[in-house]
Amino acid sequence: MSRLPPYENLTPDRILDAVESCGYRCDGRLLALNSFENRVYLVYLEEQPAVVAKFYRPDRWPDAAILEEHEFALELAEREIPVVAPLVIAGRTLNEHAGYRFALYPRRPGRSPELENRDTLTWLGRFIGRIHAVGALKPFVHRPLLDAESFGKEPSRFVLENDFVPPDLRDAYHSVVDDVLERVVRSYQRAGPVKTIRLHGDCHAGNILWNEEGPHFVDLDDARTGPAMQDVWMCLSGDRRAMEAQLAAVMAGYREFCDFDPAELVLIEALRTLRMVHYAGWLARRWSDPAFPANFPFFNTQRYWQDHILSLREQAALLDEPPLELAV
């Protein structure tokens, strides 16, 4: 685990110099946007609209995987799907300055979608369906598969091997995470040979911005291969009855553009469980970055691990329940 701050040398002057290396003239103003995995800034330009500069975390993705993300975004944008794609500058989307890789994006302001609104969910379903119709056309080559190993077993091993769990809770965490991951594997087995496609990968409300024209999707940094349900389940919350109503609304739009395999319904709680385990592992992996202790002070405390273990035990029960029902 690296102890060197990954963005130690990314000063405001370097950020502005990087943007100007792409042929723009900055007016000196920049604003840090809400991002922890990468560093993202709104950069104001002279006599041109502001751009968003995204500086990729060193050593996270190889160039080929970043370019594959960009190609997917451009492929979607070319089909008039409202995904914010990187700007192509001098024939390329991935740039480098002072050892940092970065991309520039057009500014697309908006607000979070109202997920309690049925019409909003149906609208989102249409666009997620369109994204998946394109995502199914060809596979990713350089981006990983979302499965129990990469999103569950690997991050939980990291947490244990690097002593993040307090000693008095270590056995409890080890036991419960092994139990829920076995149940996740059984959920995948019950689903059968589910088709995997290129996904947005992190399709939560914070990555969907809404304006007067409707939704647009941002941040494909976690794009990967997996089941379609991964981009759908994050629209669902509440009790079983509420989630079934939300799912019906999403699918009313989704099925206009893409087929949906009902076998994937059994994966909803499995994918939710994997995200919970992965999130703890993500925080642990990034703990040497000074931004993480400052912004996630609740992590790596006795209370955090107690609550996390309890949440995983609750997931174990949910994983044994029948899947949500979807009206045909």
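The values are calculated or read from the model by the stated rules, or taken from the named source; none is laboratory data. If you're wondering where the values come from, they're calculated on a predicted model, not measured in any experiment. Cβ: placed from backbone, ideal geometry, glycine included. Neighbour counts: every protein chain shown.
Annotations
- Restricting the range 75-130 to residues that are β-branched (Val, Ile, Thr) and assigned to a strand (DSSP E or B), the residue that is nearest to the chain's Cα centre (by Cα): 83
- Residue that is nearest to residue 59 (Cα to Cα), among those in the range 194-244 that are part of a loop (DSSP other than H, G, I, E, B) and polar (S, T, N, Q): 196
- Considering the range 141-158, and only residues there that are under 16 Å from the mean Cα position of the chain (by Cα) and not in a helix (DSSP H, G or I), the residue that is surrounded by the most Cβ atoms within 10 Å (Cβ to Cβ) turns out to be 143.
- Failed item, numbered, when residue 288 is tested on (1) at pLDDT 95 or above; (2) of a type in the set (Ser, Thr, Tyr); (3) surrounded by 14 or more Cβ atoms within 10 Å (Cβ to Cβ); (4) over 21 Å from residue 185 (Cα atoms): (1)
- Residues located in the range 89-106, provided they are closer than 16 Å to residue 41 by Cβ and out of contact with any Pro (no Cβ under 6 Å at 6 or more places or on another chain): 95, 97, 98, 100, 101, 102, 104, 106
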